[in-house]
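The next block holds one structure in the form of structure tokens; read it before the comments.
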Protein chains: 4
Amino acid sequence: MAARLDTGRLEAFSDGVFAIAITLLVLEISVPDDAFDDLVRAIAEQWPSYLAYVTSFLTIGALWLAHHGLFRRSSAADSVVVRLNIVLLMAVSFLPFPTSLVAEALDRGDAETTAVIFYGATLLAVSALFAAMARHIASRDELLQEGARGEVAALSSRLAPSLGFYVAVLVLAVFAPAVAAFGFLAIAVLAIVRT
Amino acid sequence: MAARLDTGRLEAFSDGVFAIAITLLVLEISVPDDAFDDLVRAIAEQWPSYLAYVTSFLTIGALWLAHHGLFRRSSAADSVVVRLNIVLLMAVSFLPFPTSLVAEALDRGDAETTAVIFYGATLLAVSALFAAMARHIASRDELLQEGARGEVAALSSRLAPSLGFYVAVLVLAVFAPAVAAFGFLAIAVLAIVRT
Amino acid sequence: MAARLDTGRLEAFSDGVFAIAITLLVLEISVPDDAFDDLVRAIAEQWPSYLAYVTSFLTIGALWLAHHGLFRRSSAADSVVVRLNIVLLMAVSFLPFPTSLVAEALDRGDAETTAVIFYGATLLAVSALFAAMARHIASRDELLQEGARGEVAALSSRLAPSLGFYVAVLVLAVFAPAVAAFGFLAIAVLAIVRT
Amino acid sequence: MAARLDTGRLEAFSDGVFAIAITLLVLEISVPDDAFDDLVRAIAEQWPSYLAYVTSFLTIGALWLAHHGLFRRSSAADSVVVRLNIVLLMAVSFLPFPTSLVAEALDRGDAETTAVIFYGATLLAVSALFAAMARHIASRDELLQEGARGEVAALSSRLAPSLGFYVAVLVLAVFAPAVAAFGFLAIAVLAIVRT
């Protein structure tokens, strides 16, 4: 029934979910009620929240750019794409939860490692789902706009190193979670700059 | 006045509500502040939240797909469709509340049964409203695109078993609420796969 | 600079705000943590929340319909329309706050009257802003689509009784706030049916 | 890869983020649970919340208008515009956090100054990012619609005084934070009226 869907409404719906997920992230940032006596310090102490906010925001921003780049070159979506896209959106929408865990756990010893790994695993899942979708589209001529095969293949193959980076930083997180948290930011910045 | 509305803005508005309802679901997931000592366990203990999140997400995702399939074949919306659609959106937007009840009540004995039935009843209401809308559109030639009558009738008749499944799982919920919670997930997965 | 704006992006932006405001309403509904012992009763006791949710939802839904009906007949937006529309959206976005006050105050004696009047005053403000915008558009030929003058004038004049209803129910709220709360629901249902 | 992007999806995505950020602002407004005994007073005492809400709402509203005015005259977005726009959206989405700090800190002595300066600095950052984007577009003929160079340059140069106002009110905030809070409102109203 959904075979060969026009990509217009799929893009609009995805954009809606990206825009909302990206904007909800700020709700996790707050200053405790009893910290208003020394607000300068309280604002400064929220740095893990800012780090998590910027990392998740730029990660979703880069994904939006890549999503746009992919569907601009697609002529239609088959049922695999539609379903993978729903699962991808489910992972993106989930991101505010691990983001808030990282924001709260950084600077807290044990919980730090767990939170950063859980966060990184979610980021890896998002990237892997997007890479699977790009690879599927690249392999079907009937989903591609004329002459876009090369570009989509290039886009698809450029996603592989990203996955490698996530795995590397996840391993790093076991030994140095705070450093790994900045590593995820670096991956996001790199993705924005390279896209 | 709203008689014979163009379906474009109706679809855009519905997509907006679906995208927001789907994305707000994550706000219900959190780890209590005093559980950061053993965060691995605390994250694992949130499984009812993940189950409720995935079920509601996939249910709304399947509805979005079916909604898209229906209005792609409509040429216009009459006042019945516009009003039914508003009530449908009201039920969809309400979903995060029973979702959070299920997430909190699973594993809690008595409240479990109540929460799962309340959740299932909301899912049934959403499905019934959509089925009523599809049936109304299928019965009016002036709302259908040329040659779409058969497809819309097929889509409409395929919704009936869904309603039956919901009723069956609701009955099951009286005896085995946790099993029924997974039953609602199964219906959602099935709807995504079949659509 | 914004003189004679195309109405497309204005409608899209307004739809976004309406869709979000309508969907955020559910966040105000919750069951206290210690009420899970008797969840059936706790769910039933939230009736003021449901009343407030349905009333606000249908009010914004009716406004969306009327907004759609108005701009479908407009050919352009001048700077007055753009500004009035921003103030209108500000009032609509504000609605979740008085909605939550009514939900919490109903059944609480004194606070009830205050909350219902505050809520009704916000609804009146929303309606008055929309009526002012419709009247402005009806009075400018250069903002109207050809031949739409009569329809927009009719739409505009049909808003006057709504304002009267709101004033009447606001007066009623001084003596019988709970009855008035249902009165606001009746106005919303009427608006949906009549639009 | 993103070089020479069509501006349509960029505008739609930006509108989504603006609409959500603007609508989330209301979530910061609430009345403490124990204040329902004297609700009239409790509602009145929330004036700093209303001030912060209206200021942030009108600031984002004015930005939306200017954003619309800018991209209506652009024919394409290069990679600088796409990236600056993502950072701009990140700053806009962040606004609800300093908004809530101002709402809570006004009338609280020391914290007042800090909160108002932090809020104003965020507003200044938003304006500076938008001004940088407008200036970049004004300087590239290949991004401009035919004959739009003059208008975009005018729009761009009109943003400079805004930046000056923000700096002036920020200095004022050191001595009279509450007055400065109203100053930010005045800048927003002025921006709406002048755009």
Subject >> Every pair of residues 6+ apart whose Cβ atoms lie under 6 Å, when the first sits in region B:174-192 and is in contact (Cβ under 8 Å) with a residue 60 or more places away in the chain while the second is open to solvent by less than 60 Å² (accessible area, probe 1.4 Å) and among the hydroxyl-bearing types (Ser, Thr, Tyr) >> reply: B:Pro177/B:Thr113; B:Phe184/B:Thr55; B:Leu185/B:Thr55; B:Ala188/B:Thr55; B:Ala188/B:Thr59
**OP:** For residues that are part of a helix (DSSP H, G or I) and in contact (Cβ under 8 Å) with a residue 60 or more places away in the chain, scanning just region C:90-99, find the one that is nearest to the chain's Cα centre (by Cα).
**Re:** C:Val92
Original post:
Residues of region C:8-23 being more than 14 Å from the chain's Cα centre (by Cα) and either facing chain D (nearest Cβ under 9 Å) or open to solvent by less than 10 Å² (accessible area, probe 1.4 Å) (or both), which ones?
Top reply: C:Arg9, C:Leu10, C:Ala12, C:Phe13, C:Gly16
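This table checks each residue for (1) more than 10 Å from chain D (Cβ to nearest Cβ); (2) in contact with a strand residue (DSSP E or B) (Cβ under 7 Å, 6 or more places away or on another chain); (3) surrounded by 23 or more Cβ atoms within 10 Å (Cβ to Cβ); (4) in a helix (DSSP H, G or I).
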| site | (1), (2), (3), (4) |
| --- | --- |
| A:Leu25 | no, no, yes, yes |
| A:Val31 | no, no, no, no |
| A:Phe36 | no, no, no, yes |
| A:Arg41 | no, no, no, yes |
| A:Ala44 | yes, no, no, yes |
| A:Leu51 | yes, no, no, yes |
| A:Gly69 | no, no, no, yes |
Original post:
Using beta carbons and a limit of 6 Å, which pairs, at least six apart or on different chains, have the first residue in region D:65-89 and touching a residue at least 24 places away in the same chain (Cβ under 8 Å) and among the charged types (D, E, K, R) and the second one surrounded by 19 or more Cβ atoms within 10 Å (Cβ to Cβ) and assigned to a helix (DSSP H, G or I)?
Top reply: D:Arg73/D:Val152
**OP:** Might you let me know whether region B:100-118 holds any residue that is farther than 20 Å from C:Ile29 by Cβ, open to solvent by 40 Å² or more (accessible area, probe 1.4 Å), within 14 Å of chain C (Cβ to nearest Cβ) and not in a helix (DSSP H, G or I)?
**Re:** yes
Original post:
When you scan region B:71-86, how many residues do you find that are in a strand (DSSP E or B) and more than 14 Å from chain A (Cβ to nearest Cβ)?
Top reply: 1
Original post:
Is there a residue being assigned to a helix (DSSP H, G or I) and closer than 30 Å to A:Gly109 by Cβ anywhere in region B:2-12?
Top reply: no
**OP:** Please determine, by comparing only the residues of region B:139-195 that are hydroxyl-bearing (Ser, Thr, Tyr) and open to solvent by 60 Å² or more (accessible area, probe 1.4 Å), which one is nearest to the chain's Cα centre (by Cα).
**Re:** B:Ser157
**OP:** Considering only residues that are of a type outside the set (Gly, Ala, Ser) and under 18 Å from the mean Cα position of the chain (by Cα), look in region A:125-138 and name the one that is most open to solvent (accessible area, probe 1.4 Å).
**Re:** A:Arg135
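The values are calculated or read from the model by the stated rules, or taken from the named source; none is laboratory data. Note that the structure is predicted; figures quoted are calculated from it, not measured. Positions of Cβ are backbone-derived with ideal geometry, glycine not excepted, and every protein chain shown enters the neighbour counts. To get the accessible areas, we keep the full protein, side chains included, count just its heavy atoms, and leave off ligands, DNA and RNA. Shrake-Rupley method; radii C 1.70, N 1.55, O 1.52, S 1.80 Å.
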